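Inspection log for the structure reproduced underneath, given as C-alpha cells.
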Amino acid sequence: MNWYIDVLKKYAVFNGRARRQEFWMFALFNILALIIVAVIDAALGTYPLLYAIYGLAVLLPGLGVTVRRLHDTGRSGWWILIDLIPLVGAIILIVFLATEGDAHDNAHGPNPKAAVAY
C-alpha cells in the first residue's frame, strides 16, 4: 500500500526515475480501487460518476509514475504516446514498462534501486 501512497504524494512529478515495483504495485492497487469504486458506484446507481471522479483524481499520478518508469529504462517520457497506436502501441509500452531499468545513473537521475537499502 505504501507504493500507492508514495505515487500519490508525487502527484505531478514527471522527472526522476521509478522502479518496476513502484510502477506495478501502483497499477495493481489502482485497478483494485477502480473495481471497488465501480461496484460502489453501481450499487448507488450513480455509475459512472464516482468512477470518473476517481479516474480523474489518479490521472496525473498515473502519468507521472509511467513517465518516471520510462525514464528508468533510459527512454524519454514522450514514449508514452506510443500507446496511441492501436493494439501494437499498448504491447510495446507494456514491454518498455516491464523492462529492467538502467543499472547505472542515466540522464534522468541515479538508479532508484541502488538508493533503496534493505
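Here are the numbers:
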quantity: When residues of segment 103-118 are limited to those that are of a type outside the set (Lys, Arg) and in contact (Cβ under 8 Å) with a residue 40 or more places away in the chain, the one surrounded by the most Cβ atoms within 10 Å (Cβ to Cβ); calculated: 108
quantity: Pairs, first of a type outside the set (Phe, Trp, Tyr) in segment 81-99, second part of a loop (DSSP other than H, G, I, E, B), C-beta under 7 Å, six or more apart; calculated: 99/73
quantity: Extreme residue, nearest to residue 64 (Cα to Cα), among residues of segment 78-118 that are in contact with a Ser or Thr (Cβ under 8 Å, 6 or more places away or on another chain) and not acidic (Asp, Glu); calculated: 80
quantity: Segment 58-93: number of residues that are surrounded by 13 or more Cβ atoms within 10 Å (Cβ to Cβ), within 22 Å of residue 16 (Cα to Cα) and of a type in the set (Gly, Ala, Ser); calculated: 4
quantity: Selection status of residue 31, assigned to a helix (DSSP H, G or I) and over 30 Å from residue 107 (Cβ atoms); calculated: yes
quantity: Total residues in segment 11-39, condition touching a helix residue (DSSP H, G or I) at 6+ places or on another chain (Cβ under 6 Å) and surrounded by 12 or more Cβ atoms within 10 Å (Cβ to Cβ); calculated: 13
quantity: Residue within segment 11-19 that is assigned to a helix (DSSP H, G or I) and without any contact (Cβ under 8 Å) to a residue 60 or more places away in the chain present; calculated: no
quantity: Residue within segment 58-69 that is modelled with pLDDT of 95 or more, in a helix (DSSP H, G or I), of a type in the set (Lys, Arg) and under 23 Å from residue 8 (Cα atoms) present; calculated: yes
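The values are calculated or read from the model by the stated rules, or taken from the named source; none is laboratory data. Because the structure is predicted, anything quoted here is derived from the model rather than measured. Virtual Cβ from ideal backbone geometry, glycine too; neighbours counted across all protein chains shown.
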